[in-house]
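Reading through the C-alpha cells given below for one structure.
The values are calculated or read from the model by the stated rules, or taken from the named source; none is laboratory data. Bear in mind the structure is a predicted one, so any value in this text is a computation, not a measurement. For neighbour counting, all protein chains shown are included, and Cβ atoms are generated from backbone atoms with ideal geometry for every residue, glycine included.
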Amino acid sequence: MDMKPVIVMQSDFGTDSGLVSCMHGICKIVDPQLQIFDITHILPAFDIEAASFCLQYTVPCWPEGTVFVSVVDPGVGTDRRASVAKLKNGSYVVTPDNGTLTYLHQMIGIEEIREIDEAVNRYPKTMEISVFHGRDLFSYCAAKLASGLITFEEVGPQYPLEEIVLHKTYASCKKDNGVEGSILWFDPFGSAGTSIKNADLAQCGFKVGDKTTVKIFDESTLLFEGIIPYEKSFGYVEKGKEVLFNGLTSFATIAVNEGSFAKQYDLKQDKIYKIVIEKV
C-alpha cells in the first residue's frame with residue numbers, strides 16, 4: 001500500500017498553549033492515518049523572513065510529496081492570499097503568501113501556485129472565526145491534500161508566479177579579491193549566518209584550508225577585522241578561535257569554536273551587518 005505524504009509544520013505560535021495541538025487535531029479529523037511532524041513552533045513572532053529562511057534548508061531534507069504548513073501570519077483575516085505552492089522538487093507548501101515563499105522560490109523553485117478556495121477547503125465548523133487560519137484553513141487544506149481527498153488542482157484557482165509576494169533579500173556580490181554580503185542572523189550558538197552562499201565561495205576561488213580576511217561593518221563603521229581560516233567545520237581551530245565554514249543552511253557561516261561569535265564581538269540579532277571576505 002502506498003504511504004500517504006506526511007505533513008510537516010512550523011509556526012510562531014510557541015509551545016506553551018494548545019494552538020499547535022489544534023492544528024494537529026484538525027489534520028487527524030480529516031484523516032486519522034496522517035502522520036504529522038514539526039519543524040519548530042518558536043519562530044520569532046511575526047518574522048516572515050525567519051519562516052522563509054527556515055523552510056529553505058528544511059524542505060530539501062524531506063521526501064518528495066511532503067506537505068509543509070508554515071504559519072507566520074501577521075495579516076491573518078485580511079485579504080492577503082492563503083496559498084498552496086507546488087515546488088519543483090515535488091513537495092507542497094501551504095502558507096499565507098506574504099513573503100514566506102521567498103527563499104524556496106530562489107533556492108528550489110516554485111512550479112505552480114494556487115489560492116485556497118475557502119468555500120470548499122476551509123474547516124466548516126469555524127466559518128465565523130478569522131484569526132486562526134493556521135488551524136481552520138492551512139492545516140485543514142493540507143490534510144485534505146495529503147490524504148488524497150483533493151488534488152492540487154482542486155485547492156483553488158491558479159495565479160501567476162510573478163504575483164508571489166517576496167520579502168527583501170540581501171544578495172552577495174563578487175569583488176576583485178573576494179566576496180561581499182550581509183550577516184542576516186545568528187544561530188543559538190551565536191554563529192553568524194551570511195547571505196553568501198556556500199557556492200559563492202567556491203565560485204570566487206576559495207578553498208578549504210585558505211586564510212581569509214574578514215571585515216564586518218555596521219553601515220560604514222568597522223566592527224571587526226581579522227584573519228579567519230576557511231575550514232570544513234569549527235573543530236579544525238582551537239577553542240575560542242574564529243572559523244569560516246560552509247553552513248548547514250547553504251550559506252557561509254562564521255563561528256567561534258565552543259564560543260559565541262555574536263557575544264564575543266557584541267553583534268545584535270536584530271541588525272543587518274555588511275561582511276567582506278577576501279583572500280589573504
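When residues in segment 55-65 are screened for being under 12 Å from the mean Cα position of the chain (by Cα) and either at pLDDT 95 or above or not assigned by TED's automatic domain parsing to the domain that holds Ala142 (or both), 4 of them pass. Screening Thr221 on (1) buried (at least 20 other Cβ atoms within 10 Å of the Cβ); (2) more than 28 Å from Thr58 (Cβ to Cβ) shows it passes everything except condition (1). Applying the condition of being in contact with an Asp or Glu (Cβ under 8 Å, 6 or more places away or on another chain) and surrounded by 11 or more Cβ atoms within 10 Å (Cβ to Cβ) to segment 235-249 and asking which residue is farthest from Ala199 (Cα to Cα) yields Val237. Applying the selection to segment 124-137, what residues are touching a residue at least 60 places away in the same chain (Cβ under 8 Å) and either farther than 24 Å from Lys4 by Cα or exposed (fewer than 15 other Cβ atoms within 10 Å of the Cβ) (or both)? The answer is Phe132, and nothing else.
For Asp176, the test of being among the charged types (D, E, K, R) and closer than 18 Å to Gln56 by Cα is failed.
Would you confirm whether or not segment 220-228 contains a residue that is more than 25 Å from the chain's Cα centre (by Cα) and modelled with pLDDT under 95? Working first, answer last.
Looking only at segment 220-228, we keep the residues that are more than 25 Å from the chain's Cα centre (by Cα), and these are 220-228.
Okay, now just the ones that are also modelled with pLDDT under 95, so 220.
Among the residues of segment 220-228, at least one is more than 25 Å from the chain's Cα centre (by Cα) and modelled with pLDDT under 95, which makes the answer yes.
Note on segment 188-210: among residues that are assigned to a loop (DSSP other than H, G, I, E, B) and in contact (Cβ under 8 Å) with a residue 60 or more places away in the chain, the one that is surrounded by the fewest Cβ atoms within 10 Å (Cβ to Cβ) is Gly205. Can you tell me which residue is surrounded by the fewest Cβ atoms within 10 Å (Cβ to Cβ) among those in segment 92-123 that are within 20 Å of Val30 (Cα to Cα), of a type in the set (Ser, Thr, Tyr) and in contact with a strand residue (DSSP E or B) (Cβ under 9 Å, 6 or more places away or on another chain)? Only one residue fits best here, namely Tyr92.
Scan segment 1-51 for residues that are in a helix (DSSP H, G or I) and either modelled with pLDDT under 95 or hydrophobic (A, V, I, L, M, F, W, C) (or both) and the total you get is 12. Selection over segment 8-20 of residues that are over 22 Å from the mean Cα position of the chain (by Cα) and among the small types (Gly, Ala, Ser) gives a count of 2. With respect to the stated conditions, Thr213 fails to be surrounded by 15 or more Cβ atoms within 10 Å (Cβ to Cβ), under 20 Å from Tyr170 (Cβ atoms) and among the β-branched types (Val, Ile, Thr).
Looking at Leu244, is it under 24 Å from Tyr103 (Cβ atoms) and either at pLDDT 95 or above or out of contact with any helix residue (DSSP H, G or I) (no Cβ under 9 Å at 6 or more places or on another chain) (or both)?
Details: under 24 Å from Tyr103 (Cβ atoms): yes; either at pLDDT 95 or above or out of contact with any helix residue (DSSP H, G or I) (no Cβ under 9 Å at 6 or more places or on another chain) (or both): yes.
Yes; evaluated as a whole, the condition is true for this residue.
Pairing residues of segment 57-81 that are touching a residue at least 60 places away in the same chain (Cβ under 8 Å) and on the phi > 0 side of the Ramachandran plot with residues that are outside any helix (DSSP H, G or I) and not aromatic (Phe, Trp, Tyr), at Cβ distances under 7 Å and at least 6 apart in sequence or on separate chains, gives Gly65/Pro5; Gly65/Gly90; Gly65/Ser91.
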